[in-house]
1. Scan (1) in a helix (DSSP H, G or I); (2) modelled with pLDDT of 90 or more for the single condition residue 90 breaks and write down its number.
2. I'd like the residue in segment 140-174 that is touching a strand residue (DSSP E or B) at 6+ places or on another chain (Cβ under 9 Å) and crowded, with 17+ Cβ neighbours inside 10 Å and, out of all such residues, is nearest to residue 193 (Cα to Cα).
3. Is it true that some residue in segment 223-233 is over 23 Å from residue 114 (Cα atoms), in contact with a helix residue (DSSP H, G or I) (Cβ under 7 Å, 6 or more places away or on another chain) and surrounded by fewer than 17 Cβ atoms within 10 Å (Cβ to Cβ)?
4. Here is a check on your reading of the model: is residue 52 part of a loop (DSSP other than H, G, I, E, B) and either within 25 Å of residue 198 (Cα to Cα) or at pLDDT below 90 (or both)?
5. Against the conditions (1) touching a residue at least 60 places away in the same chain (Cβ under 8 Å); (2) surrounded by 20 or more Cβ atoms within 10 Å (Cβ to Cβ), where does residue 241 fall short? Just the number, please.
6. Can you pull out the residues in segment 195-221 that are out of contact with any helix residue (DSSP H, G or I) (no Cβ under 7 Å at 6 or more places or on another chain) and in a helix (DSSP H, G or I)?
7. Pull out all pairs, ordered by first then second residue, where Cβ-Cβ is under 7 Å, the residues are six or more apart or on different chains, the first lies in segment 44-58 and is surrounded by 13 or more Cβ atoms within 10 Å (Cβ to Cβ), and the second is part of a loop (DSSP other than H, G, I, E, B).
8. Just to be sure before I move on: is residue 142 more than 27 Å from residue 101 (Cα to Cα) and at pLDDT 95 or above in the structure I sent?
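The values are calculated or read from the model by the stated rules, or taken from the named source; none is laboratory data. The structure displayed is predicted, hence computed values, not measured ones. Positions of Cβ are backbone-derived with ideal geometry, glycine not excepted, and every protein chain shown enters the neighbour counts.
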């Protein structure tokens, strides 16, 4: 095979940049899956799901059952006019998206957020960041595990703010599933990007960031949030298990926040160490001699 001419060969810096983006995407995308493993292995977390969200999961089963029983075939028949037999994929995700809109509008903002705050805070405590959680909620330090340590929040606590705008945005994205081939992936990535950008709202609140500072942090991690949110969105589209994956994705976002918090503190410690070295170096410099004074009477 002949070598590519120099002008057409990709620059090494471009390849490194592309590789960096791919590594960041893969790294962020693994956290929703890591959250599933972490949640299942830590039995003390299970009551947060079974005690609070299992009834909602059963209700969501009936929501999806009704949607698939009465809306899947008509929508499949309509999409088949344009997509052929491949329409079943678009129809499937269209119905799943409709179910997600209904469950989010009815339950998520009012019944689920408190459990997600508890899961997020407990995961941070297990990761060694009790000092991050303590200023904003009561903690029983003698409790046997992180979940039992959690008392009532002392300030308003939200995992992510519920907004009617989010529901409307999701509704407006549903028609993307009508577009052949690229419509369904576009729907998942666009809605996942929105979901990912809200995944660390609680972490930013615990740090006391202003709205401007939150926006700067989100902009810095926008690429990573897109792929975290895409995987989390795929999991939340699974019927019946959507509430379970909602909780495990919260665990994953807390594990990711703990990793970022550790890197942030290490960076701050290194900056402080360098500052002290500079100050120490300045303090041992020899003082400049004062100018020689001569009395020159007129």
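1. (2)
2. Going through the qualifying residues, I end up with 157.
3. Looking for residues that are over 23 Å from residue 114 (Cα atoms), in contact with a helix residue (DSSP H, G or I) (Cβ under 7 Å, 6 or more places away or on another chain) and surrounded by fewer than 17 Cβ atoms within 10 Å (Cβ to Cβ), one finds at least one in segment 223-233, hence yes.
4. yes
5. Only one criterion in (1) touching a residue at least 60 places away in the same chain (Cβ under 8 Å); (2) surrounded by 20 or more Cβ atoms within 10 Å (Cβ to Cβ) is unmet by residue 241, namely (2).
6. 201, 205, 207, 211, 212, 213, 215, 216, 219, 220
7. 44/145; 57/240
8. no
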